[in-house]
Each structure stands twice: as C-alpha cells, then as structure tokens.
1. For segment 74-184, list the helices (runs of 4 or more DSSP H) that sit wholly inside it and hold at least 1 residues that are closer than 22 Å to Ala233 by Cα and touching a residue at least 24 places away in the same chain (Cβ under 8 Å); which are they?
2. Exactly one of (1) more than 24 Å from Asp123 (Cα to Cα); (2) of a type in the set (S, T, N, Q); (3) part of a helix (DSSP H, G or I) is unmet by Asn237. Its number?
3. Those residues that are surrounded by fewer than 16 Cβ atoms within 10 Å (Cβ to Cβ) and closer than 24 Å to Ala154 by Cβ, I need them from segment 167-215; list them, please.
Amino acid sequence: MMSDETGKTTHFGFETVPEADKAGRVRGVFSSVASRYDIMNDVMSGGIHRLWKDAMMDWLAPRRGQRLLDVAGGTGDIAFRFLKRAKQGHATVLDLTEPMLVEGRKRAEAEHMADSLDWVVGDAMALPFPENSFDVYTISFGIRNVTRPADALAEAYRVLRPGGRLMVLEFSQIPNDMMQKVYDLYSFNIIPRMGQVIANDRDSYQYLVESIRKFPDQETFLSMIREAGFGNAKYRNLSMGIAALHSGWKL
C-alpha cells in the first residue's frame, strides 16, 4: 500500500527539510564540490581516508571474479582499490551526482580498468539492478547522505546474491566525550574554512560536517543492518571511532 509521503521531514545537516527535497540538495552539494572532492578529502583527513579505505579492502579481501556494486561511489576510489586487489572482476560505480562520476572517469585508473568498470547515475534507495546481481556491495561516506538509510540497506540486501557481503565505511562517533569535543572543534571550525579556501564552497562543507554528527552511532547503525536482514553483522572502529567499518552478509 502506498503511504502518504506529504509532510515527512528529514535532516539536511542540522536543518529540517521535506524528505522530497533532500536528494536534490545532496546532489547540489556534490555537484558543487566534485572537481575538488579528492583534494579536499586528503586535506580534511590528512590523507587518513586512504588508510581507512585500505583497511576496508583488507577486511573485505576481494576475490578474483567478484562483481562489486559501489554505491555513492563518486570518483571511483573504492572501485579502483577493489579491482586492483581482485586482479580480475567487475565494478559498477553508482552515484546520484553525475559530475562526481565524470571526475572519476577522468582518473588514470579508470582508463586502465575501463573493461571492468561501469559508471551509473542512480539512487541508493531504488537501485536499477535485478535482485541477486552482485557479490559485494560497498558504500563509503555516502549512506549518511541518503534520505532513508534503511531503504538503502534494504536495496543492498535485494541486489546481493546469497552469500554476498555488505560493507559500509562511514564517519561515526568517538566513544570518548572529551575526544569527541576536540574533534568537533576541529570539524566545525576548520573544515568549512578549508572548503572555502580549496573548493570555494563553505556551505557544502558545513553541511558535510553537520551530517556526520546527525548519523547514528556504531551500535545503532549495526542494529539497522541486522534489521535489513544481514547476518554475522559487526563493526570495527577506525582512528578511535572517527570512522567505522560495518560488515554484514546475506546468508
């Protein structure tokens, strides 16, 4: 039965917005920062996001011949790493924002791996693929931007084949109040300024910082993964919980 979506709200950073408006606003953020996105990731994290993505691959352990769907895959960081580790396989990079995919296609790795890569504009909450299509589903620093994360997890479960694996890399909450306060001071005072200087876009980075604080903590998100049907679900903190890796299996 169709539910009445009118009046439903969600958060866009610290702002409350109609659910129907969030995807367009997220698309606006990432269209604005696409050309400087990879540089900003390095500057904001001091390059640590690369170590987090490598840790993701270490736990994932890609195998030859696997088919990956990387949702909110942007400029291809995860897909490139996956294909390098798997040696032979296929990766589909899906993103809501076409300019991010355009930037990804410009990267040297994309040309070298062209036969093993697809770039698809699409919505995490309504994936344009049949069920049981992929061996692995990844989403990195993207699920907090989805209007309804539970819907994205349900779609992940649908498109994974039995025995398939979900892995989510996302900013999370530091389980130490003092450390969290220090991190918040850095996030709210420094990152938007960096966004202004490097990407000429303070507002988009203000949103990205706020969206991190609105995302559920590790245990809450673990419960959401289990509620979507995934088994053997667990998580690992990275850099004391600044980020976290969540894993689950379609058993």
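1. Numbers: elements: 77-86, 98-106, 108-112, 149-159.
Here the list reads 77-86, 149-159.
2. Going through the list (1) more than 24 Å from Asp123 (Cα to Cα); (2) of a type in the set (S, T, N, Q); (3) part of a helix (DSSP H, G or I), Asn237 breaks only (3).
3. Result: Lys214, single match.
Every read-out reported here was derived from the displayed coordinates using simple, explicitly stated rules and does not represent laboratory data. Quick caveat, the model's predicted, so the values are computed rather than measured. Please note: Cβ atoms are built from the backbone with ideal geometry, for glycine as well, and neighbour counts cover all protein chains shown.
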